[in-house]
Amino acid sequence: MGDKAFAEIIVLSPVKTTVPGAEAQTFTYHLPDELKGRLSVGSLVIVPFSSRRLYGVVVGLSGEPPAFETRPVESLADDEPMLTPPQVALARWISREYLAPLWQCLALMLPPGAAGRSDVQVELAKEGIEDGDAKTEAQEQLLTVLDAKGPLRGAQLNRLLPRRQWQRAADQLARRGVVDKSSFLAPPRARPQQVRTVEWIARDIDADEALAGLRSACYPAIVQFLRAEGGPVDVSWVYAETGCQHHHLTKLAERNLVAFDTEEMWRDPLADETFVPDTPPQLTSDQQAVWDKIKSQMANNTSQVFLLHGVTGSGKTEIYLRAVAEVLEQGKQALVLVPEISLTPQTAHRFGARFGQRVAVLHSALSDGQRYDTWRQIRAGLKDIVVGPRSALFAPLSGIGLIVLDEEHDGSYKQESPPPRYHAREAAIELARLTGATAILGSATPSLSSYVRAKRGEWTLLEMARRVMAHVQRIAELQSRYNLPQTHFRPVNEGSAEARYMELPPVQIVDLRAELRAGNRSIFSRALQGAVNEALGRGEQAILFLNRRGAATFVLCRDCGHVIHCPHCETPLTYHGSRASLVCHHCNYHQAQPGACPQCGSDRIRYFGLGTERVEQEVQQHWPEARTLRWDHDTARNHAAHAAILHLFSTGLAHVLVGTQMIAKGLDLPLVTVVGVISADTMLNLPDFRSGERTFQLLTQVAGRAGRGLLGGRAILQTYHPDHYAVVAAAAHDYTGFAARELAFRREQGYPPYRRLVKLVYEHASPSRAQAEAEALAESLRDALSRRGLPATDIIGPAPAFFARLRGRYRWQILLRHAEPAELFNAIQVPSGWRVDVDPEGVL
C-alpha cells in the first residue's frame, strides 16, 4: 500500500455540486510521508477543503498522480479503518438507489461523535462597535451579541439569534472587514472512557507495620479489599466497599503502599444483564424441514435470501437461533434486526441465553458513549452477534455470515427522516449480496413485495403453518407455577414427541352497526365485555388495541360547528385528558383545554373520537377492580419505559393492557387469553394504497398475541366494515387469500410491487410558492417521461399533500411511477428544497 500516494475522499459535508442521484464527487488529496501506508478504504481523515477543515472518508487509493495540483491529507482520525469495504460499497448503493448524497450514506455508518462538527467562528475585527458598522437590523443584533460575549461559533449563534439570518449578516460584515470569520473543526465527542484505578503494591510488607500511625478504621478495610482483588480496582468500588474517601487512598499512596493509574472501561449496555443459559429444544417436523433447507444452502457459502412465512408462535425465533449457531461454527458473525427499539431487550435476552456475552445491542436509545464503545467492541471482534433496529445494520462486522430481519413486513424498517431515506430490508439484502451472507426475512404477515419476489423465485419461500407453543417439560413447569390442572395444548403428530401445539386463536368479527341498533352505545361490544369479564374472573389477562392515542381526536363547538385546529398545521388538535390540554401530534403544539368556543363563545364544547387514553378510562369504569396499563407514545417515550411496562404486564402485576401498535409486535404473554380490537377501521379508509395491507397485518399480528400460553385464547375485532376483505382475511388467518385479492388490485392500478414509486414533497411558508415549485417540477418530469416514450399518467399530481400544512409550511406533493427511479433522476435536476422519497412506505 506504500506506493499509493493519492487518496480519493468524500468529505462529510454538503457540496454544492452534489446532485441527488448523480455519481458523488470525490476529491483527490496526496498523502504526506508520515501517512503513506497507513490509510485504507474506509479510513476517516481530516482534510483542508477551501478555507475549512473537514472530515472525510477514503473511498479509493491510487499511485497515479492526477492532472492537477493536490493538497495533502492533514491527519488520520483513527489508526483503524472506520468502515469496511462492503460498507463503503453499501453506502454507494444506498446513494444510487435512494437518490441521496454519498456523504450522508457514509455518515450513517459512523458511530455517533466519531467525527467532530465543522463550524464557523465569528468575532469582531476590532475592539468595540462604531456608528455605521451595522446596515441592517440583523447586522446590529449580531454585532451586539459579539460585543457582549466575544468570539462565538455558529452553533452558539444559532441558539442566541434563532431565525435571525445571522449567517447572511456575518458574510456582509466580513466583506466590509467589520467581523472576522474562521473555520472551526470541533474535536470528536466520542472518546474511550477512562476510570481511575488503585492497586495494592506493597505485597511483601506487613500490613500492621505499613499502617502504623494511621488511626482510621478505613485503612485495614482498604488493605483487605485491595489484597483480595489482587490487581487494579476502580476507586469508586473501593469507596463503596470500604467507606473510605479519596484522602485515605492518597495517604496510602504517600507511603508507597498503593499506586494510582487509569484504565479504559467499556460502556456496555448488557454488562449488568444476567443471561440464564438455555439448551436448544428438539425441532418439530415443520421447523426441521425449514432448517434443513436453510442449513444446506448456508453450507454453500453463497448469498441466499429466505422468506420465512410462519404464523404467530410457529417457532421462527428458534430457526434464527440455529442459523446464528451455524455461522458462528463457521467462524462468521451474525446481525439480527428487529423493527422497534422496544423489541431489542426481549430479543437480546433470547439470543443472550443461547450465546452469552457474544451478543451486543446497538440502537439510538443508548448513550453516545455506549454506542461508541459497543461499536468499537464489534470492530475489534469482541462481539459476534449484533441485535438492534435498522441502524444496527451498519455495525462494523468484518465477517458477516447471516442477516436476520424479524417482522420483515414492518414499516419501521423504512427510514423517513432525516435522509437518506433507505429501506433496511433492501439494504440488508444488498449487504448480504456484497458479503456472501445468508439473509432470513421472517414474518407472520410478509410484505406483499417480499411475497411476490419469493413467488417469482428470486428468493426461497419457507412456510410454517402451525403454532408450536412449548415442550412437555416447560408446560409442566408453567402448569405448576400457575396451578393449572389442564391446558389446551395437543401433541404434534410428526417429529418431536415432546413438542406441543395449539390452533391459532379463534377470531370473532363484531359489527358495530348492529351494536348500535341493539342500543349498545359503549365502546365495548357485548361480546368483548363478556370475554373480558370471563378472563378477569379467571385471573387471566386481556389486551385492548386501538391505533390512536389521546382521549378525543377532535374538539367541536355544538353551536357554531367550529373545530379547534393547530395554528401551524391544518389538522384538528387532539384532547389529552391527563394533561387537560389539546395537542398537535405533528408539531407538538399545546394549548389549554378550552372553557368556551374561541369562535362564538359558547360553552357547549364537545369531545369526539376515541384514543387509548379514553379506552383506559372506560376500562377503569367498566372493571374498577382490574389494574390497567397503557402502552403508547405518551406513556413510553424511552427504552426504559418500554421495558418497565412490559415487565409489569408480563409478571401479572396488571390485568388489562391498553395500547397502540407497540403491543402488536413480537410480544409473548402467556396469560393473555382475550385480545380486543376496539376499532379495526382506523386505517382502512385512509387514501393510501397500502391501507388494506397495513390493516390486515396489524389485525393479524394483534390477534396473534392471544392464546400464546397454557390457557388458549380468542380475539374480537370490532368494526363498521365487517365485510371488508382485509378484516375477513385477518379473522380467518388467511394470508394467501388476502394476498391474492390485494395483489390483483395493485396490478390493475400499477402500484408496488409491480411498479416502483417516488414521492416528492415541497414545503414553503408561501402557499403560492409551494404550488408554483410543484407545477414546475411536474412539467419537467412529464417532459422526461415523454422523451422516454412513457405516459404522463405515470405522474400523479401535483396536488396539496394529505397534510397540506405542517409546522407553518404549505406542502405540495408529486407521485411518480417508474421502473428505475435512479436512471430517471440522473437526467433531471431536482431543485433544492424537495424531499425525494424512493419506495415510500406511505403516500400521505
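For region 7-117, the strands (runs of 3 or more DSSP E) that sit wholly inside it and include 1 or more residues that are polar (S, T, N, Q) and more than 27 Å from Gln370 (Cα to Cα) are 27-30, 52-62. Does Arg456 satisfy the condition of being closer than 19 Å to Glu97 by Cα and open to solvent by 20 Å² or more (accessible area, probe 1.4 Å)? Judged against the criteria, Arg456 is not a match.
Okay, residues lined up against (1) at pLDDT 90 or above; (2) more than 28 Å from His724 (Cβ to Cβ); (3) in contact with a strand residue (DSSP E or B) (Cβ under 9 Å, 6 or more places away or on another chain); (4) surrounded by 21 or more Cβ atoms within 10 Å (Cβ to Cβ):
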{"position": "Leu512", "(1), (2), (3), (4)": "yes, no, yes, no"}
{"position": "Glu515", "(1), (2), (3), (4)": "yes, no, yes, no"}
{"position": "Ala518", "(1), (2), (3), (4)": "yes, no, no, no"}
{"position": "Leu528", "(1), (2), (3), (4)": "yes, no, yes, yes"}
{"position": "Val532", "(1), (2), (3), (4)": "yes, no, yes, yes"}
{"position": "Arg549", "(1), (2), (3), (4)": "no, no, yes, yes"}
{"position": "Gly561", "(1), (2), (3), (4)": "no, yes, no, no"}
{"position": "Cys566", "(1), (2), (3), (4)": "yes, yes, yes, yes"}
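Among the conditions (1) at pLDDT 85 or above; (2) open to solvent by 10 Å² or more (accessible area, probe 1.4 Å); (3) closer than 28 Å to Asp559 by Cα, Gly577 misses just one, which is (1). Considering region 182-216, and only residues there that are aliphatic (A, V, I, L, M) and touching a strand residue (DSSP E or B) at 6+ places or on another chain (Cβ under 9 Å), the residue that is most open to solvent (accessible area, probe 1.4 Å) turns out to be Ile201. If you go through region 91-138 and keep only what is at positive phi and under 19 Å from the mean Cα position of the chain (by Cα), you end up with just Gly113.
Thr660 passes every criterion in (1) under 29 Å from Tyr751 (Cα atoms); (2) at pLDDT 90 or above apart from (2). Among the residues of region 736-751, the ones that are more than 24 Å from Ala680 (Cβ to Cβ) and in contact (Cβ under 8 Å) with a residue 12 or more places away in the chain come to 1 in all. Of all residues assigned to region 219-235, none qualifies as being without any contact (Cβ under 8 Å) to a residue 24 or more places away in the chain, in a helix (DSSP H, G or I) and among the hydroxyl-bearing types (Ser, Thr, Tyr).
Here is a yes/no grid of residues against (1) exposed (fewer than 13 other Cβ atoms within 10 Å of the Cβ); (2) part of a helix (DSSP H, G or I); (3) modelled with pLDDT of 95 or more:
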site	(1), (2), (3)
Asn493	yes, no, no
Ser496	no, no, no
Arg500	no, no, no
Leu504	no, no, no
Arg521	yes, no, no
Ala535	no, yes, no
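Per-residue answers, yes or no, for (1) in contact with a Phe, Trp or Tyr (Cβ under 9 Å, 6 or more places away or on another chain); (2) modelled with pLDDT of 95 or more; (3) closer than 19 Å to Lys332 by Cβ:
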{"site": "Asp368", "(1), (2), (3)": "no, no, no"}
{"site": "Gln377", "(1), (2), (3)": "yes, no, yes"}
{"site": "Val386", "(1), (2), (3)": "no, yes, yes"}
{"site": "Glu408", "(1), (2), (3)": "no, yes, no"}
{"site": "Tyr422", "(1), (2), (3)": "yes, yes, no"}
{"site": "Ala428", "(1), (2), (3)": "yes, yes, yes"}
{"site": "Ala437", "(1), (2), (3)": "no, yes, yes"}
{"site": "Ile440", "(1), (2), (3)": "yes, yes, yes"}
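Within region 150-181, the set of residues being in a strand (DSSP E or B) and either loosely packed, with under 14 Cβ neighbours inside 10 Å or hydrophobic (A, V, I, L, M, F, W, C) (or both) comprises Leu152, Val179.
For region 459-472, a residue qualifies if it is β-branched (Val, Ile, Thr) and either at pLDDT 95 or above or buried (at least 17 other Cβ atoms within 10 Å of the Cβ) (or both), and the qualifying residues are Thr460, Val468. The residue of region 250-272 that is nearest to Ala325 (Cα to Cα), among those that are open to solvent by less than 70 Å² (accessible area, probe 1.4 Å) and in a loop (DSSP other than H, G, I, E, B), is Leu270. Against the condition over 30 Å from Arg453 (Cα atoms) and in contact with an Asp or Glu (Cβ under 8 Å, 6 or more places away or on another chain), how does Arg255 come out, does it pass? When the stated conditions are applied, Arg255 does not pass them. Checking the stated criteria, Leu777 turns out not to satisfy the condition of being of a type outside the set (Asp, Glu) and under 27 Å from Arg425 (Cα atoms).
Between His733, His721, the distinction of being touching a Leu at 6+ places or on another chain (Cβ under 7 Å), without any contact (Cβ under 8 Å) to a residue 60 or more places away in the chain, open to solvent by 40 Å² or more (accessible area, probe 1.4 Å) and not in a helix (DSSP H, G or I) belongs to His721 only.
Here Asp292 meets each of (1) free of Cβ contacts under 8 Å to residues at least 40 places away in the same chain; (2) open to solvent by 30 Å² or more (accessible area, probe 1.4 Å); (3) assigned to a loop (DSSP other than H, G, I, E, B) with one exception, condition (3). Residues in region 760-779 that are open to solvent by 40 Å² or more (accessible area, probe 1.4 Å), assigned to a helix (DSSP H, G or I) and within 18 Å of Asp837 (Cβ to Cβ): Glu773 alone.
Select from region 190-218 the residues that are free of Cβ contacts under 8 Å to residues at least 24 places away in the same chain and assigned to a helix (DSSP H, G or I) and list them in ascending order. Hits for region 190-218 are Ala207, Asp208, Glu209. Among the candidates Arg379, Arg433, Arg421, Arg390, the residue that is surrounded by fewer than 19 Cβ atoms within 10 Å (Cβ to Cβ), touching a residue at least 12 places away in the same chain (Cβ under 8 Å) and on the phi < 0 side of the Ramachandran plot is uniquely Arg433.
Can you pull out the residues in region 302-356 that are among the polar types (S, T, N, Q), open to solvent by less than 10 Å² (accessible area, probe 1.4 Å) and under 26 Å from Thr736 (Cβ atoms)? Passing the criteria: only Ser314.
Yes/no matrix, rows are residues, columns are (1) surrounded by fewer than 22 Cβ atoms within 10 Å (Cβ to Cβ); (2) within 16 Å of Leu657 (Cβ to Cβ):
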position: Arg614; (1), (2): no, yes
position: Gln617; (1), (2): yes, yes
position: Gln621; (1), (2): yes, no
position: Trp631; (1), (2): no, yes
position: Ala641; (1), (2): yes, yes
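The values are calculated or read from the model by the stated rules, or taken from the named source; none is laboratory data. The structure displayed is predicted, hence computed values, not measured ones. As a convention, Cβ positions derive from the backbone with ideal geometry for all residues, glycine included, and neighbour counts pool all protein chains shown. These area figures cover heavy atoms from the full protein model, side chains too; ligands, DNA and RNA do not enter into them. Shrake-Rupley method; radii C 1.70, N 1.55, O 1.52, S 1.80 Å.
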